[in-house]
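Just so it is clear, none of the values below were taken in a lab; they were calculated from the coordinates. Bear in mind the structure is a predicted one, so any value in this text is a computation, not a measurement. Neighbour counts run over all protein chains shown; Cβ positions are idealised from the backbone, glycine included.
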There are 2 protein chains.
Amino acid sequence: MNNIINIAVVGLGQIGIYLLNELNRKKDEIELKTGKKIRIVAISAKNKNKKRRFRINKRIFYSNPLKIFKEKKIDILFEIIGMSDGISKKIVETALKNRIHVITPNKALIAKHGDYLSGLAEKNKVNLEFEASVAGGIPILRTIKEGLATNQINKVYGILNGTTNYILTEMEDTNENFNKVLEKAQRLGYAEPINPKLDLNGFDAFAKVRILSALAFNNKISKHKCIMEGIDNIDLKDIKIANQLNLRIKLLGISEMINNKLFETVHPCLVSKDSYIGNVNGVMNAVIMHGKPVGENVLQGEGAGPGPTSSSLLSDLLSILRGNIKKPFGIPTLKRKKVKPFNNNNYTNSLYLRFEVKDKPGVLSSITNRLAKYKISVKRIIQTPDKKNNKATIIIITHKTTEINAKNCLSIFKKNNNILKFPTLIRLYN
Amino acid sequence: MNNIINIAVVGLGQIGIYLLNELNRKKDEIELKTGKKIRIVAISAKNKNKKRRFRINKRIFYSNPLKIFKEKKIDILFEIIGMSDGISKKIVETALKNRIHVITPNKALIAKHGDYLSGLAEKNKVNLEFEASVAGGIPILRTIKEGLATNQINKVYGILNGTTNYILTEMEDTNENFNKVLEKAQRLGYAEPINPKLDLNGFDAFAKVRILSALAFNNKISKHKCIMEGIDNIDLKDIKIANQLNLRIKLLGISEMINNKLFETVHPCLVSKDSYIGNVNGVMNAVIMHGKPVGENVLQGEGAGPGPTSSSLLSDLLSILRGNIKKPFGIPTLKRKKVKPFNNNNYTNSLYLRFEVKDKPGVLSSITNRLAKYKISVKRIIQTPDKKNNKATIIIITHKTTEINAKNCLSIFKKNNNILKFPTLIRLYN
C-alpha cells in the first residue's frame, strides 16, 4: 500500500455526510496512527444540490458512482447507500473486482450476499469490512474476530435494534401507545420517516443476527426460515402488565448452537427488570456472548445514529490502513461450513399469554382445560374483570413448552365465541 | 514471518499452565485463522517437578529462562511471571532486543516500564502485547486501540479488580466481615493466598488505570501521586448502611481528562443500586468509556482467572500471527505526550461520613458546626443510638466539596474525646 490513500465515499445521507466530515477533521490523527495520508478523491450521491449538514466539495462529486471506477484511482471505497441489492451490490462488487478495499455499514447487503462478497474480497486480496453493520458504535465484530479469537462461542444474543428499544422504553415511560411513540421516534430521527417497517418487524435485527452467527460460529451465513417477530403487535397493555410482574419487554436477537445445530431468532421477550438486559434502555444496544474460556462477555453502546456508525466505519478504515487481517469473516470463506438448522418447532420457552374474553362462567376453565390437554402447566394466572364492558383479561404465565405444542394448543382459540381475539403470546427469556 | 512460529512460555503458574494447554489444543484453529503453524519449543519455571494441572513436556523445560535465548530460535515469548522488575523485566527486555515478539499479562511491569519497553519494541520492529494486563478476558485495550480508534475519549472508568469486587459482593450477601470473606476468597482462588495486599489496597487496579489512561488519551504513562485507596478499611457496617440508602460500595478505577489535565484515581465509591455499575457483582469487571462520536461504551466480563486471561493472551497471539499493528500504545511512543496532572486537592465529591461518637448532648452540633465552618452542606443525616454502650453512629451525606476542604475540615476529629475514632469517609460516585 502506498503512503497516500485515495478514498471514495458513495452515499451522502446522514451517515455519509457525518463520515465525510470526520475524515476531513481526523486526517492528521489517522496519519499519526497509521503512517498513511488519506485523500478524499470522489464522493457520490443522487442529488448534488440537496441541503446537507456539512458542505461538500462539488468538484469531486459524481451523480453516477460507477463512473468513479473509470475516472479515479481509488484504494478504499465506503458504500453507504444501504440496499441489499441494486446499485449497492453493484458498487461493492465492482470495487472488490478492481482490488479496492470496501467498508460498509450495510447489514442487508452483508446478510444477503456476505458469503459471495467475502469470497470476492479474498480472491482479490482486499478487505471487506462491515463493523458498522451490527450494533452501531459497539465494536462487536472486531471483538469476535480479534479480541475473543479462539474462544469457543456457543451463544450470542442481545438488543440489536435501537429504534425498537427506544419505542418500548418510551411506551413504558410515558404510557403512550405504539403509534404515538412511533411518531415521536420518527420526529427525533430514531425511526425511518417513510418506511420504518424493517426496524419494527424484526428484519433489521435479524440481518444482524445472521452476521453475528457467521462470525461467532465460523459458518456460512444461514438462509433458514426462522422465527422472526417484531414489536408491531406489542400493546401498551402488555407493557403495563409486564411492569406489574417486575418484567419488561425487550426485542432480542438470539443466535445459539444447540447440539451442533444453529438456532437463530428475533422476537419480543419478557425479561426480569432486575436483569442486566432488562436495564438496557432507549437507543442503547447490548450484545452478550458466552465463550470458552472467556466466560460471559457483554458489550453495550449506542446502536445507531451517524456518530456511533462513523466510529465503527473509521475503525474499519484504520484496520485497513494498518494492514490488518484480510478475511472478512475471520477464516477463509472456503473453510466456513454450512450448518444445519435447529428445528424451530422444538424451541422451548415459558409463555406469557393474554386472553381477552367475555366475562361469563366457564370461559377460564375452557382455557385451562385446553392447556391441560396439551400438558402446558400454568405457573401463574391473573384475571382482571372489566365489569362495565362485561369482559375480562386473563394473563397466564406457563411453564416451559415447545413452539409446536403451543401453536397446536392455541390454534383452537381462533374460533371461540367467548374469546374476543386470538391470544397475545410473548415468550419469557430464560 | 515464517509459516512455522516458535513459541516460548516463561512462567508456569495457574495462568501459564492453562495457556500451554490452550495452545496445544488450538493449534489447528490457529493455523486456520492465521495460516501459521505454532510450535512450543521452550517452557520455563522455577520448579520442574511441581505438581501441575496439566502435564508438561520436560524435554523443553528450562529452569533458567535466559538460557532459552542462547539455545533456541524463538519468534514469540509469553512472559507470565508477573513482577514489575527483576527477572520479568530482564526477560522481556532481552526478548525485544533479540527481535522476539512479547505477550504478557503483567500489569505491574507495563504500568512501571511500559514506555521504555514499547520504545524498545518499536525500535526492534516487534510487538509488545498486553491485553490480559487489564480486566482479564475483556478485550478493552484492543477495543480502545482498534474498535474505537479515532474516538476522542475523555473518560474511562470501572471495576478493574475482581478480587475486591468479589469480597464486597460477598460481604453484602452474607453479612460476614472483611476478614472472614477474604479467607473465603483465598480458599476459592479469587485472592492471592500469601499476600493479597496488592489487590486489597488498590495497587493492582491502579496499575490498570495507568495503562488505560496511556491508551485512551495517547499520553506517556503517568507517574503522578494520586488518590489510591483500597477496600481494606471497608467495614461491614458501611455496607449495611449503604444498603439501607439504596447504595452499594464499589472499588472504582477512574481516569479522566479535566481541562487537559489527567486525573487518575482508585477508591471505594458509593453508587446507586439502580445504576449499571452498581449491578456488576462478584468477580466481574466492567469498563465504561465516554468517547466522541461513539458516545458511551460499556464492556463487561470476567476480570481474572486462567480462562479469561488465556483468552486475552491468545487474542494477542493471533494479532501477531496475522501481522497486525505494531505500536504497543497505538501511536509511536515518541509521539505520546507527557501530560500534566490534575490537582488532587480539587477533586470534588459528595461524601458519606460515618462518625462513631459518645451519645451525649452537643456532639452532633460540634460536628455540624465544624462542617458549616468549612461550608460543607449536609444533604442527609442519620443518627442511630446504641443505648447499651452509650454510643451513637452518625451518618452524614454531604453536598459536593473538594478533597482539600474535606481533609482540613475533618482533621480536627483526630483529637476529640467525644468522637471515638476518626470518621470513615467514602466518596459518592457522581
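Measure nothing fancy, just the Cα-based angle from helix B:306-321's long axis to the longest principal axis of chain B, in degrees from 0 to 90, nearest 10.
Around 50 degrees separate the two axes.
Within a 10 angstrom radius of each residue's Cβ in A:25-33, how many Cβ atoms of other chains show up on average? Whole number is fine. Write down the numbers at each step before the final one.
On the way: counts 1, 4, 0, 0, 5, 2, 0, 6, 10.
That average works out to 3.
Can you classify segment B:1-125 as rounded, prolate or oblate using the Cα gyration tensor, where a ≥ b ≥ c are the square roots of its eigenvalues, rounded means a/c under 1.5, and otherwise it's prolate if a/b beats b/c and oblate if not?
oblate
Any idea what the relative contact order of segment B:4-133 is, in percent, if you count C-alpha pairs under 8 Å spaced at least 6 apart? The partial results should precede the final answer.
On the way: 219 pairs, mean separation 30.7, N = 130.
Reported relative contact order: 24 percent.
List the trypsin sites (Lys or Arg not before Pro) within segment A:220-281 that DSSP assigns to loop and that have no more than 10 neighbouring Cβ atoms inside 10 Å. Numbers along the way, then the final one.
Numbers: sites: A:Lys220, A:Lys223, A:Lys225, A:Lys237, A:Lys240, A:Arg248, A:Lys250, A:Lys261, A:Lys273; in loops: A:Lys220, A:Lys223, A:Lys225, A:Lys273.
The qualifying sites are A:Lys225.
Using 0.36 nm times the number of residues separating A:Leu236 and A:Asn98, minus their current alpha carbon distance, what extension gain do you get?
Values: separation 138, 0.36 × 138 = 49.68 nm, distance 5.20 nm.
Contour length minus Cα-Cα distance gives 44.5 nm.
Which angle between 0 and 90 degrees, to the nearest 10, do you get for helix B:178-187 versus the longest principal axis of chain B when only C-alpha atoms count?
Value to nearest ten degrees: 20.
Using the C-alpha gyration tensor of the protein assembly as shown, what are the square roots of 5 times its eigenvalues, in whole angstrom, with the largest one first? The partial results should precede the final answer.
Working: eigenvalues 356, 337, 163 Å².
Equivalent-ellipsoid dimensions as semi-axes: 42, 41, 29 Å.
Using Cβ contacts closer than 10 Å as the measure, can you line up A:Leu245, A:Leu77, A:Leu410 from fewest to most? Write out the running numbers ahead of the final one.
Values: A:Leu245 16, A:Leu77 28, A:Leu410 20.
With the fewest neighbours first, A:Leu245, A:Leu77, A:Leu410 line up as A:Leu245, A:Leu410, A:Leu77.
Can you give the average number of partner chain beta-carbon atoms within 10 Å of each beta-carbon in peptide A:304-317, as a whole number?
Values: counts 0, 3, 1, 6, 7, 2, 4, 11, 3, 1, 6, 9, 3, 2.
Going residue by residue through A:304-317 and averaging, the value is 4.
Taking R0 as 51 Å, what FRET efficiency do you get between A:Ser272 and B:Asn344 from their Cβ-Cβ distance, rounded to the nearest 0.05?
Values: r = 41 Å, r/R0 = 0.80.
Step by step, r from the Cβ atoms, then E = 0.80.
Please identify, among B:Lys360, B:Lys72, B:Lys327, the residue showing maximal mean-square fluctuation in a Gaussian network model of chain B using a 10 angstrom Cα cutoff.
In this elastic network of chain B, the residue with the biggest mean-square fluctuation among B:Lys360, B:Lys72, B:Lys327 is B:Lys360.
Could you pull out the pairs from A:Lys237/A:Lys388; A:Lys335/B:Lys36; A:Lys89/A:Lys197; B:Lys48/B:Lys208; B:Lys50/B:Lys89 whose alpha carbons sit more than 20 Å apart here?
Working: A:Lys237/A:Lys388 18 Å; A:Lys335/B:Lys36 16 Å; A:Lys89/A:Lys197 22 Å; B:Lys48/B:Lys208 32 Å; B:Lys50/B:Lys89 24 Å.
Beyond 20 Å between Cα atoms: A:Lys89/A:Lys197; B:Lys48/B:Lys208; B:Lys50/B:Lys89.
Normalising by the residue count of segment B:345-428, find the relative contact order in percent from Cα pairs under 8 Å and 6+ residues apart. Kindly include the intermediate steps, with their values, before the conclusion.
Working: 153 pairs, mean separation 40.9, N = 84.
Over segment B:345-428, the number comes to 49 percent.
Under 5 Å between amide hydrogens, which residues at least 5 positions from A:Ile153 or on another chain qualify, with H placed 1.01 Å from N in the peptide plane?
Distant-sequence amide H within range of A:Ile153: A:Lys292.
Binning every alpha carbon pair distance of segment A:338-430 at 10 Å from zero, what are the percents per bin?
16, 48, 25, 8, 2, 1
Multiply the residue separation of B:Lys184 and B:Phe61 by 0.36 nm, subtract the distance between their alpha-carbon atoms, and state the gained length in nm to one decimal. Write out the running numbers ahead of the final one.
On the way: separation 123, 0.36 × 123 = 44.28 nm, distance 3.44 nm.
So the chain would gain 40.8 nm between B:Lys184 and B:Phe61.
From the label point of A:Asn98, set 7 Å from Cα along Cα→Cβ, how far away are the matching label points in the other copies, in nm, ordered shortest to longest?
Its label point is 5.0 nm from the equivalent points in the other copies.
For chain B, take the longest principal axis of its alpha carbons; what is the angle in degrees between that and the long axis of helix B:203-217, to the nearest 10 within 0 to 90?
Taking Cα atoms only, the helix is inclined about 70 degrees.
Would you kindly calculate the mean projected area, averaged across all directions, of the convex hull enclosing the Cα atoms of chain B, in square nanometres?
22.3
Can you tell me, using C-alpha contacts under 8 Å and at least 6 residues apart, the relative contact order of chain A as a whole percent?
For chain A, the relative contact order is 16 percent.
Mind telling me which of A:Asn390, A:Asn106, A:Asn64 comes out most flexible in a GNM of chain A, alpha-carbon contacts under 10 Å?
Evaluated over chain A, the most mobile residue of the options is A:Asn390.
Given the pairs B:Lys112/B:Lys340; A:Lys155/B:Lys184; A:Lys72/B:Lys327; A:Lys97/B:Lys33, which are separated by over 22 angstrom at their Cα positions? The partial results should precede the final answer.
On the way: B:Lys112/B:Lys340 18 Å; A:Lys155/B:Lys184 32 Å; A:Lys72/B:Lys327 32 Å; A:Lys97/B:Lys33 24 Å.
From the list (B:Lys112/B:Lys340; A:Lys155/B:Lys184; A:Lys72/B:Lys327; A:Lys97/B:Lys33), the Cα-Cα distance tops 22 Å for A:Lys155/B:Lys184; A:Lys72/B:Lys327; A:Lys97/B:Lys33.
Under the Kirkwood approximation for Rh and a Cα-based Rg, what ratio Rg/Rh is obtained for segment B:276-430? Kindly include the intermediate steps, with their values, before the conclusion.
On the way: Rg = 23.6 Å, Rh = 20.2 Å.
Looking at segment B:276-430, the ratio lands at 1.17.
For B:Thr368, A:Thr384, A:Thr333, A:Thr34, what's the fewest-to-most ordering of other Cβ within 10 Å of each Cβ?
Working: B:Thr368 15, A:Thr384 10, A:Thr333 20, A:Thr34 23.
Going from sparsest to densest Cβ surroundings: A:Thr384, B:Thr368, A:Thr333, A:Thr34.
For the modelled label position 7 Å from the Cα of A:Glu71 along Cα-to-Cβ, which residues of segment A:11-46 have backbone nitrogen atoms closer than 14 Å?
Answer for segment A:11-46: A:41-46.
Ignore the peptide's own chain and count Cβ atoms of other chains within 10 Å of each Cβ in B:130-141; give me the average, rounded.
Going residue by residue through B:130-141 and averaging, the value is 3.
With Cβ to Cβ distances under 14 Å as the rule, what net charge do the other residues near A:Ile91 carry (K, R +1; D, E -1)?
With Lys, Arg at +1 and Asp, Glu at -1, the neighbours total +4.
Percent antiparallel among DSSP beta bridges with both residues in chain A, to the nearest 5?
On the way: 53 of 77 bridges.
Here the antiparallel bridges make up roughly 70 percent for chain A.
Would you list B:Asp173, B:Asp238, A:Asp359 from fewest to most Cβ contacts within 10 Å? Write out the running numbers ahead of the final one.
Details: B:Asp173 12, B:Asp238 20, A:Asp359 17.
So the ranking, lowest neighbour count to highest, is B:Asp173, A:Asp359, B:Asp238.
How much net charge surrounds A:Asn161 when only other residues with a Cβ under 9 Å from its Cβ are counted (Lys, Arg +1; Asp, Glu -1)?
Within the 9 Å Cβ shell, the charges total -1.
Using a simple spin-label model with points 7 Å from Cα along the Cα→Cβ vector, what separation in nm is obtained for B:Glu29 and B:Asn154?
4.1
Quick one: if you stick a label point 7 Å off each Cα along the C-beta vector at A:Lys37 and B:His399, how many nm between them?
5.6
Does segment B:120-171 come out rounded, prolate or oblate by the C-alpha gyration tensor, with a ≥ b ≥ c the root eigenvalues, rounded set by a/c under 1.5 and, if not, prolate when a/b is larger than b/c and oblate if not?
oblate
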